[in-house]
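Enquirer: Just dropping this structure here.
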Amino acid sequence: MTSKRILITGLSTYWGGRLAQALERDPAVEAVIGVDRRPPKIALERTEFVRVEDHHSLIRRIVQAAEIDTLVDTRLVADSIVTSPRLAHENNVMGTMNVLAACSGPDSLVKKVVFKSSARYYGCEQDDPGFFTEEMRRPRPPRTLIERDVVEAESAVRDFAEGNPDTVVTTLRFANGLGPAVRTSYTRYLGLPVIPTVLGFDPRHQFLHEDDIAGVLEHAVRHDLDGIYNAAADGVLVLSEVVDLLGKLAAPVLPPFATGLALPLLKRARLPISADMLQHLRFGRGLDNRKLKATGYRYRYTTRETVIKLREHQRLSPLTRGMRESYRYEEEVEEFLRRSPSVRRGAPPEPRANLAAGEAQAVPSPSAPAGYADLDAGEVIALLASLEPEALTALREHEAGHAARKAVLAAMDALLARPRSAV
Amino acid sequence: MASSTGRASRRDVAETPDALVPTSAAGGDVAVGEPDLRDFLPGIEPERQVDDWGRSERFAALFDRTLVDFYYHLWFRCTIEGLENVPADGPGLLVSNHSGALPPDAMMIMKAISDEHPRRREVSVLIEHFFKGYPGFSMLLPKIGGVAAHPANVHRLLYDERRLVLVFPEGQKGTEKLFKDRYRLRRFGRGGFVEAAMRAGAPIVPIAVVGAEESQPVFAQLGLLKKLTGLAYTPLTPTFPHFGLLATLMYLPAKLTIRFLPPVRTDEMGEAPWEDKSLVQTVSHDIRATIQEELFDMVAKRRSVWF
């Protein structure tokens with residue numbers, strides 16, 4: 001992994017926090033710094049939080065002072081329930097430009113930029129293909145402000161990539177996230193006791209579990225993925241099946257024509273359906289997620305499993321409400337824990353058994369890691385994708401000298417032969 | 001539900017560890033460039049009721065039992081010829097003539113292949129985008145195998161998922177034509193279907209259908225009604241518009257003959273044949289001529305419209 005000093009913008013977002021959590025556990029990462037307007041929502045061990053607006057010169061000073069080599073931008077708001085459209089525009093377009101400007105320039109040390117975008121980029125139209133691939137442009141101009149924001153932010157990222165050919169720029173287009181901890185218009189919509197649908201339509205939906213959102217971001221930090229990647233779970237479900245899996249009833253009450261005119265009524269009825277969702281509830285959207293899978297990422301959940309997880313959460317949440325203590329960021333406490341000489345910071349934290357990315361921890365040791373001999377060929381091959389080339393070379397020698405399993409050796413050779421940027 | 005044997009077997013492959021090895025390396029030469037994305041198609045979840053394209057096995061079976069079966073055996077008394085020309089595995093692009101106001105030919109061809117073909121393969125049929133905007137149709141057509149006619153969809157179905165795809169290159173022009181023009185093929189679009197088959201290396205199987213023209217003859221197009229309702233087209237048929245939407249499934253009992261013609265191979269036309277626009281047009285034209293000739297032959301030799 002080439003990324004050692006990492007800046008995360010948007011630390012207070014769910015995925016920003018989860019990513020910081022995963023990265024700070026890795027001893028190979030020297031520093032994790034998070035900036036945001038709001039404090040982080042989850043407990044962080046050694047990540048430094050700096051409260052700052054998306055101001056170009058301030059972020060630039062942080063980037064230079066901390067010798068940041070990797071920037072992960074997770075600020076993009078692609079959901080109108082989070083903020084007002086005007087604030088979202090400030091954040092999505094102006095903020096992205098400022099953050100990117102802070103990383104460009106001839107003296108910049110930033111070698112990698114990971115940008116969290118949204119599948120909103122593709123829009124939702126009648127003549128869409130069944131599965132969007134990364135090269136496709138949206139067939140029509142954006143319909144809503146948020147969609148326009150996403151398109152503009154991505155074009156800023158593209159300009160940055162063209163202006164800085166030595167920097168690895170990863171754009172990740174995420175499908176709608178679902179899970180207990182994320183709050184989006186879809187988690188609210190699917191949380192209704194009876195789910196209103198558009199009469200005569202059964203749109204195709206694809207989701208992504210919250211663990212996978214964090215996992216994909218971590219994967220992009222750990223590997224050099226240049227270009228645009230779709231991130232969406234395997235499988236596209238029709239809405240009626242989603243409702244069925246949730247154990248709820250669908251009520252086809254939204255009129256198929258002039259749905260936009262009915263919108264004020266829906267607002268009056270307190271239904272969480274925004275103008276952004278109307279197109280989606282009619283035509284749906286599917287993404288082709290194979291390009292990311294080909295880089296070695298394995299999704300932990302399919303769309304179906306994501307929905308089932310949501311159902312479990314929905315059933316339990318009335319029972320567990322208030323039971324779990326929520327984390328509150330207190331500046332003085334965090335300062336004390338990180339700076340005070342009285343705090344004992346001895347052994348580095350143990351690596352977790354299962355990482356959020358669903359891939360095994362890479363152990364870059366010259367000989368084989370402990371317990372290697374116990375793994376069977378399939379398990380070994382599954383781990384290979386996460387290894388660094390040097391570790392892989394060492395492991396290949398070990399394998400050739402000991403068990404010399406043909407399938408394992410072939411897989412190793414194939415991985416080693418691949419150009420480094422593709423791994 | 002296993003939607004085709006081709007997909008099911010790929011799932012097995014994907015579970016073996018060797019699937020992680022890029023195919024170019026498995027082929028012997030040094031791995032260069034892109035891995036084959038076909039190895040990364042999502043696996044089948046047997047608990048699913050509806051597949052990724054929106055096809056519902058349960059609904060399709062219900063539709064088949066209640067309506068299609070009756071029309072196929074009793075109403076149209078379909079005669080099938082040359083079914084061996086439909087590939088037993090791998091991709092195939094089926095190209096047919098189109099006729100009748102709400103054409104029964106698609107349903108009957110799909111039924112013929114899923115019931116009488118030795119491998120009982122399923123067929124995806126390409127439908128116009130405007131159906132996706134109609135409430136009801138938008139919901140039901142994908143459930144019985146309809147897929148929007150987008151080049152990317154065709155490529156994924158043929159190349160990646162190796163399925164059978166049925167296309168009517170005449171498109172709407174075929175269903176709009178009047179009874180006096182019966183069995184005269186319209187223009188075959190811009191040859192997009194040939195290009196799609198070439199990119200996927202899939203054989204093209206021409207199909208000639210006789211009888212569908214008489215099952216729902218169109219006497220005129222009602223321009224005023226079209227303007228008033230905003231429907232894609234409003235034909236005057238023996239049953240429409242006076243029976244309303246019920247008329248969509250009211251056919252005259254003509255006898256249907258479906259003849260599958262020998263496949264045209266596209267994988268031996270050289271390197272990237274789709275770049276050669278004149279070749280694409282030539283192949284498209286040849287296929288159209290083949291179907292046209294076959295239609296005239298079948299119409300000339302048939303005993304009666306009804307028997």
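The values are calculated or read from the model by the stated rules, or taken from the named source; none is laboratory data. Because the structure is predicted, anything quoted here is derived from the model rather than measured. Glycine gets a Cβ as well: all are built from the backbone with ideal geometry, and neighbour counts include every protein chain shown. Just the protein is used for accessible areas: all its heavy atoms, side chains included, with ligands, DNA and RNA removed. Shrake-Rupley method; radii C 1.70, N 1.55, O 1.52, S 1.80 Å.
Enquirer: For region B:45-96: of the residues being among the aliphatic types (A, V, I, L, M) and crowded, with 17+ Cβ neighbours inside 10 Å, which is nearest to A:V242 (Cα to Cα)?
Expert: B:V50
Enquirer: Grab the helices (runs of 4 or more DSSP H) fully contained in region A:277-391, keeping just those with 1 or more residues being at pLDDT below 90 and within 14 Å of chain B (Cβ to nearest Cβ).
Expert: Fully inside region A:277-391 and qualifying: A:377-384.
Enquirer: Follow-up question, since we're still on this one. Out of (1) over 21 Å from the mean Cα position of the chain (by Cα); (2) touching a residue at least 12 places away in the same chain (Cβ under 8 Å), the odd one out for A:T295 is which?
Expert: (1)
Enquirer: Exactly one of (1) out of contact with any Leu (no Cβ under 8 Å at 6 or more places or on another chain); (2) within 13 Å of another protein chain (Cβ to nearest Cβ) is unmet by B:P169. Its number?
Expert: Status for B:P169: all satisfied but (2).
Enquirer: Here is a follow-up. Please go through region B:214-229 and pick out each residue that is in contact with a Gly (Cβ under 8 Å, 6 or more places away or on another chain) and either assigned to a loop (DSSP other than H, G, I, E, B) or open to solvent by 10 Å² or more (accessible area, probe 1.4 Å) (or both). So that I can check it myself, show each step before the final result.
Expert: As a first pass, look at region B:214-229 and keep what is in contact with a Gly (Cβ under 8 Å, 6 or more places away or on another chain): B:215-218.
Answer for region B:214-229, where residues must be in contact with a Gly (Cβ under 8 Å, 6 or more places away or on another chain) and either assigned to a loop (DSSP other than H, G, I, E, B) or open to solvent by 10 Å² or more (accessible area, probe 1.4 Å) (or both): B:Q216, B:P217, B:V218.
Enquirer: Report yes if some residue within region B:135-155 is under 13 Å from the mean Cα position of the chain (by Cα), more than 14 Å from every other protein chain (Cβ to nearest Cβ) and closer than 28 Å to A:Q279 by Cα; otherwise report no.
Expert: no
Enquirer: Criterion first (out of contact with any Cys (no Cβ under 6 Å at 6 or more places or on another chain), over 30 Å from A:D166 (Cα atoms), buried (at least 17 other Cβ atoms within 10 Å of the Cβ) and in contact (Cβ under 8 Å) with a residue 60 or more places away in the chain) does A:I273 satisfy it?
Expert: yes
Enquirer: Continuing with this model, one more query. Could you tell me which of the residues A:R140, A:R148 is surrounded by fewer than 22 Cβ atoms within 10 Å (Cβ to Cβ), without any contact (Cβ under 8 Å) to a residue 24 or more places away in the chain and touching a Gly at 6+ places or on another chain (Cβ under 7 Å)? Outline the logic, then answer.
Expert: On the way: A:R148 fails: touching a Gly at 6+ places or on another chain (Cβ under 7 Å).
So the residue among A:R140, A:R148 that is surrounded by fewer than 22 Cβ atoms within 10 Å (Cβ to Cβ), without any contact (Cβ under 8 Å) to a residue 24 or more places away in the chain and touching a Gly at 6+ places or on another chain (Cβ under 7 Å) is A:R140.
Enquirer: Condition test on A:F160, is it outside any strand (DSSP E or B) and within 14 Å of another protein chain (Cβ to nearest Cβ)?
Expert: Criteria not met by A:F160.
Enquirer: I would also like to ask the following. Pick out the one residue from B:A232, B:A202 that is surrounded by fewer than 23 Cβ atoms within 10 Å (Cβ to Cβ) and part of a loop (DSSP other than H, G, I, E, B).
Expert: Only one candidate qualifies: B:A232.
Enquirer: Right, something else. Looking at region A:224-236 only, could you name the residues that are within 14 Å of another protein chain (Cβ to nearest Cβ) and either assigned to a loop (DSSP other than H, G, I, E, B) or over 10 Å from the mean Cα position of the chain (by Cα) (or both)?
Expert: If the condition is that a residue be within 14 Å of another protein chain (Cβ to nearest Cβ) and either assigned to a loop (DSSP other than H, G, I, E, B) or over 10 Å from the mean Cα position of the chain (by Cα) (or both), then A:L225, A:D226, A:G227, A:Y229, A:N230, A:A232, A:A233, A:D234, A:G235, A:V236 are the ones that fit.
Enquirer: Condition first: under 20 Å from B:L222 (Cα atoms) and among the hydroxyl-bearing types (S, T, Y). Can you find one or more residues in region B:166-179 that meet it?
Expert: Yes, the conditions are met somewhere in region B:166-179.
Enquirer: Hey, does region B:111-121 have a residue that's surrounded by fewer than 23 Cβ atoms within 10 Å (Cβ to Cβ) and facing chain A (nearest Cβ under 10 Å)?
Expert: Checked against the condition, which is being surrounded by fewer than 23 Cβ atoms within 10 Å (Cβ to Cβ) and facing chain A (nearest Cβ under 10 Å), region B:111-121 yields no hits at all.
Enquirer: From B:L62, B:L74, B:L126, B:L67, which residue is within 25 Å of B:Y183 (Cα to Cα) and more than 14 Å from chain A (Cβ to nearest Cβ)?
Expert: B:L74
Enquirer: Would you pick out the residues in region B:40-59 that are more than 8 Å from chain A (Cβ to nearest Cβ) and more than 22 Å from the chain's Cα centre (by Cα)?
Expert: Passing the criteria: B:I44, B:P46.
Enquirer: Residue check, B:R120 against (1) at negative phi; (2) modelled with pLDDT under 90; (3) under 16 Å from the mean Cα position of the chain (by Cα); (4) not hydrophobic (A, V, I, L, M, F, W, C), all met but one. Which one?
Expert: Single failed check for B:R120: (1).
Enquirer: Quick check on B:L158: is it within 14 Å of chain A (Cβ to nearest Cβ) and open to solvent by less than 10 Å² (accessible area, probe 1.4 Å)?
Expert: yes
Enquirer: So, one more: Out of A:L208, A:L172, which single residue is assigned to a strand (DSSP E or B) and within 14 Å of another protein chain (Cβ to nearest Cβ)?
Expert: A:L208
Enquirer: Considering region B:248-307 alone, what residues qualify as being surrounded by 13 or more Cβ atoms within 10 Å (Cβ to Cβ), under 24 Å from B:W75 (Cα atoms) and among the small types (G, A, S)?
Expert: Once the filter is applied, which keeps residues that are surrounded by 13 or more Cβ atoms within 10 Å (Cβ to Cβ), under 24 Å from B:W75 (Cα atoms) and among the small types (G, A, S), region B:248-307 yields only B:A254.
Yes or no, residue by residue, for (1) within 23 Å of A:P129 (Cα to Cα); (2) in contact with a Pro (Cβ under 9 Å, 6 or more places away or on another chain):
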{"position": "B:F130", "(1), (2)": "yes, no"}
{"position": "B:P142", "(1), (2)": "yes, no"}
{"position": "B:G145", "(1), (2)": "yes, no"}
{"position": "B:P151", "(1), (2)": "yes, yes"}
{"position": "B:V165", "(1), (2)": "yes, yes"}
{"position": "B:Y183", "(1), (2)": "no, no"}
{"position": "B:A208", "(1), (2)": "no, no"}
